[in-house]
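Novice: One structure is given below, represented as structure tokens, and several questions about it will come after.
The values are calculated or read from the model by the stated rules, or taken from the named source; none is laboratory data. None of the values given here were measured: they were computed from a predicted structure. Quick reminder, even Gly has a Cβ in these numbers, built from the backbone with ideal geometry, and neighbours come from all protein chains shown.
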């Protein structure tokens, strides 16, 4: 028998993605977002949800572009810092010791030090409530050579952070559990 | 220097959520989705993206409701099975040995055996491309007592699956890494 916890954002897990944008003065900014996920295979797209009060929100509305940068577990302190302060008040790249690299494909900066980055152009803006969901088409994916296996980013090598919404805590990735679309085949009833 | 991997859905990590719906004959169905995430805090909402070809897609359009059920790492085989076969062809609850529990709040079934479930009513439908994004308001969250700590679902106790999109593989959750909005405080510049 399950217990009711009320209407709350208690799904698990959430990603920890750092969103890169330019402001109206061309300053590169970053913010950490966890209300996010992949949203479509064709065109490849992500969805990220932001409060209108954030500095990044206005940047995306104006520039119609953003990057999704995936920090490693070893970069948890920096990732958390980027969610505490606002780009209105500080230069987050400088304070975090990070390097902005201009994308050649979209009007947004990449984080040089994070192992995996997606360059996205804004496709759709969906007002929900406190958060607005931005759908961004993934125009390219950039990865450090060291996190790529068989031409693809590997979870154990990227070692992304996980966010636990109820606990407001971060977790690391653990052991591999098997291949999708294969692990469950033994349960398929034979005709 | 990063390497270009092309335009692809290679963000990490994705969740492994099992979507519960009723079909037009009131049969309970399940499907596994990884293109998903939390989408809004007020109202609390999730976004899940499905192909129009899926059986679940038509069920959500008709019933305006779905559940998000979070399997544990120990249930990886069942979770994968639910993403291989279609509810058009088989009774997935029966074949997977799972029990459908009718929600008292929304027109969709919960999975008794999974530790965490969200009851959602459809708020918005956003066509993107191959996938359509459904925004669902979280009307209630139900959790097994054993995965609740301080009144909230704990990541280490729920032990959800992670999906690695490029590798098409599952991973488990690893070690806790610290508190959000606290871990990065030492990097905040003192005035």
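Novice: Report yes if some residue within the range B:134-152 is in contact with a helix residue (DSSP H, G or I) (Cβ under 6 Å, 6 or more places away or on another chain), crowded, with 24+ Cβ neighbours inside 10 Å, part of a strand (DSSP E or B) and at pLDDT 95 or above; otherwise report no. I'd like the intermediate steps shown before the answer.
Specialist: Restricting attention to the range B:134-152, the residues satisfying the condition of being in contact with a helix residue (DSSP H, G or I) (Cβ under 6 Å, 6 or more places away or on another chain) are B:134, B:147.
Then keep just the ones that are crowded, with 24+ Cβ neighbours inside 10 Å; that gives B:134.
So of that shortlist, the ones also part of a strand (DSSP E or B) come out as B:134.
After this cut, where a residue has to be at pLDDT 95 or above as well, the list is B:134.
Yes, the range B:134-152 contains at least one residue that is in contact with a helix residue (DSSP H, G or I) (Cβ under 6 Å, 6 or more places away or on another chain), crowded, with 24+ Cβ neighbours inside 10 Å, part of a strand (DSSP E or B) and at pLDDT 95 or above.
Novice: Same structure again: Of everything in the range B:91-103, what is without any contact (Cβ under 8 Å) to a residue 40 or more places away in the chain and either surrounded by 15 or more Cβ atoms within 10 Å (Cβ to Cβ) or within 10 Å of chain A (Cβ to nearest Cβ) (or both)? Give them in sequence order.
Specialist: B:94, B:95, B:97, B:101, B:103
Novice: Quick check: anything in the range B:106-125 over 29 Å from residue A:178 (Cα atoms) and over 19 Å from the mean Cα position of the chain (by Cα)?
Specialist: no
Novice: Hey, does the range A:105-112 have a residue that's part of a helix (DSSP H, G or I) and touching a strand residue (DSSP E or B) at 6+ places or on another chain (Cβ under 8 Å)?
Specialist: Looking for residues that are part of a helix (DSSP H, G or I) and touching a strand residue (DSSP E or B) at 6+ places or on another chain (Cβ under 8 Å), one finds none in the range A:105-112, hence no.
Novice: Would you pick out the residues in the range A:6-33 that are buried (at least 22 other Cβ atoms within 10 Å of the Cβ), within 7 Å of another protein chain (Cβ to nearest Cβ) and assigned to a loop (DSSP other than H, G, I, E, B)?
Specialist: Those that are buried (at least 22 other Cβ atoms within 10 Å of the Cβ), within 7 Å of another protein chain (Cβ to nearest Cβ) and assigned to a loop (DSSP other than H, G, I, E, B): A:9, A:10, A:11, A:12, A:13.
Novice: Right, something else. Please specify each residue of the range B:34-60 satisfying the condition of being within 7 Å of chain A (Cβ to nearest Cβ), assigned to a strand (DSSP E or B) and either surrounded by fewer than 19 Cβ atoms within 10 Å (Cβ to Cβ) or free of Cβ contacts under 8 Å to residues at least 40 places away in the same chain (or both).
Specialist: Listed by number, the residues that qualify are B:36, B:37, B:38.
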